[in-house]
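Read-outs: derived from the displayed coordinates by stated rules, not from any lab. The model shown is predicted, which means the values in this text are computed figures rather than measured ones. Backbone-built Cβ (ideal geometry, glycine too); neighbour counts: all protein chains shown.
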Amino acid sequence: MSSDILKKLNEAVTFLKKDNSNNPTVGIVLGSGLGKFAEDIEVEKEIAYKDIPHFPVSTVEGHQGKIIFGNLAGKKVVCLSGRFHYYEGYSAQEIVFPIRVMGMLGIKTLLLSNAAGGVNANFKVGDIMLINDHISIDMVNPLIGKNINELGPRFPDMSDPYKRELLLQAKEIAKKLKIDVKEGVYFGVTGPSYETRAEYKMVQVMGGDAVGMSTVQECIAANHMGISVFAASVITDMGIREEDNIITHEEVLQYAAEAEPKLASIFKELIAIL
Ligand code: HPA
């Protein structure tokens, strides 16, 4: 099983390295409603997921996933436009396949973004939360199974999953740009249904500040490979609130898109100083 995954990873990496001189040092994954950031990349090459050996293919209709190689803020970057979620039916290993590919292509830093529901009473819709840690009790760990020693250790340390140094740098950048940012713990869930009132409360009681359906497995796979992770959430809805608690995907996409320029400028400045 593990050697099978490694064989597939090697085939995908060999394919992507062929006639592609870009040696990326930074990987980027864009969350729901946050895809516009990819337009800032000076594109060298784009490849559809469906053309890459063994890459998972997005199940979402009209959503053409692609990997973008290019330059951004003076760095060679590789960006996944379209990520894979557990609720789409992919296995945890499939979800992290593209992360591992980026790691094998040589990235040292991974920037993740996502849309999330706020449960910290000090947050409001439209806020950006820099992720300082995560909790997940129902997302399958992508490292389950025989360890792939070529990628990393059996029991990787997770004491600094979102690199503190990058977080501090991002906070400085936000201050300089006069962007108000929050900081907190991302609570990963499988979805796809949003949480019940009781579940939002549980997330809060258990120590989460925001809740979302991605990021955790990607972060674990990156840490396994020794890649430094920085991640940020856009708070697209408040789970804990007195009034009606109806949350729609449209609302999530709308608020994510509205906050996107703020997140994009933090990402760009951070990439510049990496
Ligand atoms: N819960 C889970 N995932 C989400 C939410 C939420 O409230 N908002 C955006 N993604």
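Some notes on this structure:
- Between N71 and K178, the simple spin-label model (points 7 angstrom out along Cα→Cβ) gives 3.1 nm.
- Look at the Cα gyration tensor of the stretch 173-274: its axes a ≥ b ≥ c give a/c of at least 1.5 with a/b at or below b/c, and that counts as oblate.
- Rel. contact order, % - alpha carbon contacts under 8 angstrom, at least six apart, the stretch 73-208: 34
- Computed helical MRE - 222 nm, the chain, DSSP H runs ≥ 4 contributing -39500 (n - 2.57), nearest 500: -10000 deg cm²/dmol
- Charge dipole (the stretch 130-274, unit charges on Cβ, about Cα centre) - positive-most of L167, L274, I148: L274
- Normalised contact order of the stretch 151-258, rounded percent, pairs of Cα under 8 Å and 6 or more residues apart: 33
- The calculated FRET efficiency for E199 paired with N149, based on their beta-carbon distance and R0 = 45 Å, is about 0.75.
- When you restrict to C-alpha pairs under 8 Å that are six or more residues apart and normalise by the size of the chain, the relative contact order lands at 26 percent.
- Note on the stretch 1-159: antiparallel DSSP beta bridges, both residues inside, total approximately 60 percent of the bridges counted.
- The stretch 142-177 residues near the modelled S265 label - backbone nitrogen below 17 Å, point 7 Å along Cα→Cβ: 170-177
- Taken about its Cα centre, the chain carries a charge dipole of roughly 920 debye when the Cβ of each Lys and Arg holds +1 and the Cβ of each Asp and Glu holds -1.
- Distance between the stretch 73-150 and the stretch 152-200 - C-alpha centres, whole angstrom: 10
- Phi angles across the stretch 177-185 convert, under the Karplus curve 6.51 cos²θ - 1.76 cosθ + 1.60 with θ = phi - 60°, into 3J(HN,Hα) values of 7, 6, 9, 6, 10, 9, 9, x, 9 Hz, Gly and Pro given as x.
- Gyration tensor (alpha-carbon) shape descriptor, the chain, a/c threshold 1.5: prolate
- Estimated inter-spin distance, D40 and D138, nm [label 7 Å along Cα→Cβ]: 3.4
- Tensor-based shape of the stretch 139-209 (alpha-carbon gyration tensor, a/c under 1.5 rounded, otherwise prolate or oblate): oblate
- Loop-located GluC sites (Glu not before Pro) in the stretch 179-274 (DSSP state not H, G, I, E or B) with no more than 16 neighbouring Cβ atoms inside 10 Å: E242, E243.
- Sorted into 5 angstrom bins from 0, the C-alpha pair distances of the stretch 37-194 split as 1, 7, 13, 18, 21, 19, 14, 6, 1, 0 percent.
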